[in-house]
Amino acid sequence: MEFYGPIIGKFILGMLCIILQINIVGKRNLAPVTALDQVQNYVLGGIIGGIIYNQDITVLQFLMVLIIWTLVVMVLQFLKNHNRLAKVMIDGRPVILVKNGKLDVETCLKRGVTADELMFRLRVNGIYELARVKRAVLEQNGQLTVLEYGDDESIRYPLISDGIINYDILEMISRDEAWLDEQLQKNGFKSSTEVFLGEYISGKLHFVGYPKK
């Protein structure tokens, strides 16, 4: 029983830590959409799985490791939510693989996307030739978002997300930043940093701002 006591204690602490991180950071880490979500799952699983049966590590030491990792995750989340540069560095950003029917081979090679993989993903979207693709965007979670010619009225990607302007969408709708700033001011926003989500739907803009302090 002396052998199982510390294991049970570590297991309970590990479960409580997982529940705490899910409730504080958000439930999206159950279905990772960013690099941080995936790393969080991998490291936490490694900590719990690798230490729980190690008799040389006490329950107190295990608890300290869990606390340190939880604090690291919370700090990274805070930086990501309040700093544009930190968000790009931690989460990365979507990249365009196909633009106006032309494939960016260099970007595909940098991102490790093979020709077979790209064409397979396009076929999944019902597209069998590059000439039909106006934009193919590789998302942070590895998913491919495809926009065909004729789909301009149903843009599938936000114009502003987390206060950051998507300049590719601006280019796609033949507008510039000056026009966007004017639209923001008309809707009561000083800048894009005050907008949580900005959508371009059927030729109209829809803004959702951050809560006012």
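The values are calculated or read from the model by the stated rules, or taken from the named source; none is laboratory data. Note that the structure is predicted; figures quoted are calculated from it, not measured. Here the Cβ is made from the backbone with ideal geometry for all residues, glycine too, and neighbour counts use every protein chain on show. For accessibility, only protein heavy atoms count, side chains too; no ligands or nucleic acids. Shrake-Rupley method; radii C 1.70, N 1.55, O 1.52, S 1.80 Å.
Which part of segment 158-184 falls in the paramagnetic zone of residue 193, meaning amide N under 13 Å from the point 7 Å along Cα-to-beta-carbon?
163-165
Which residues' amide hydrogens lie under 5 Å from the amide hydrogen of residue 196, considering only partners 5 or more residues apart or on another chain, with H built in the peptide plane?
Sorted by chain and number, the residues that satisfy this are 208, 209, 210.
Along the positive direction of the dipole of segment 70-163 (beta-carbon charges: Lys, Arg +1; Asp, Glu -1; about the Cα centre), which of 97, 145, 163 reaches farthest?
Checking the options against the dipole of segment 70-163, the answer is 163.
Lysine pairs in the chain with Cα distance under 14 Å, only those 8 or more apart or on different chains: how many are there?
Value for the chain: 4.
In sequence order, what are the phi-derived ³J(HN,Hα) couplings for segment 137-148 according to the Karplus relation 6.51 cos²θ - 1.76 cosθ + 1.60 with θ = phi - 60°, rounded to whole Hz, with x for glycine and proline?
10, 8, 6, 4, 8, x, 6, 10, 9, 10, 10, 8
Would you mind listing how long the chain runs along its three principal axes, going by Cα atoms, in whole Å with the largest first?
Cα spread of the chain along its principal axes, largest to smallest: 69, 49, 24 Å.
Determine the per residue accessible area of the chain with all protein chains present and a 1.4 angstrom probe, expressed in square angstrom.
Here the residues of the chain average 62 Å² of exposed surface.
If you place +1 on the Cβ of every Lys and Arg and -1 on the Cβ of every Asp and Glu, how big does the dipole about the Cα centre of the chain come out, in debye to the nearest 20?
The calculated dipole for the chain is roughly 320 debye.
From the phi of every residue in segment 76-83, what ³J(HN,Hα) in whole Hz does the Karplus formula 6.51 cos²θ - 1.76 cosθ + 1.60 yield, where θ is phi - 60° and glycine or proline is x?
4, 5, 5, 4, 5, 7, 10, 9
Highest GNM mean-square fluctuation, the chain, Cα pairs closer than 10 Å: which of 160, 51, 12?
So, out of 160, 51, 12, the one fluctuating most is 12.
Find the relative contact order for the chain and round it to a whole percent, using C-alpha pairs within less than 8 Å whose residues are 6+ positions apart.
13 percent
Just to confirm the number: angle between the C-alpha axis of helix 4-25 and the first principal axis of the chain, 0 to 90 degrees, nearest 10?
20 degrees
How large, in percent, is the carbon and sulfur part of the accessible surface of segment 52-168 at a probe radius of 1.4 Å?
Taking all protein chains in place, segment 52-168 shows 59 percent carbon and sulfur surface.
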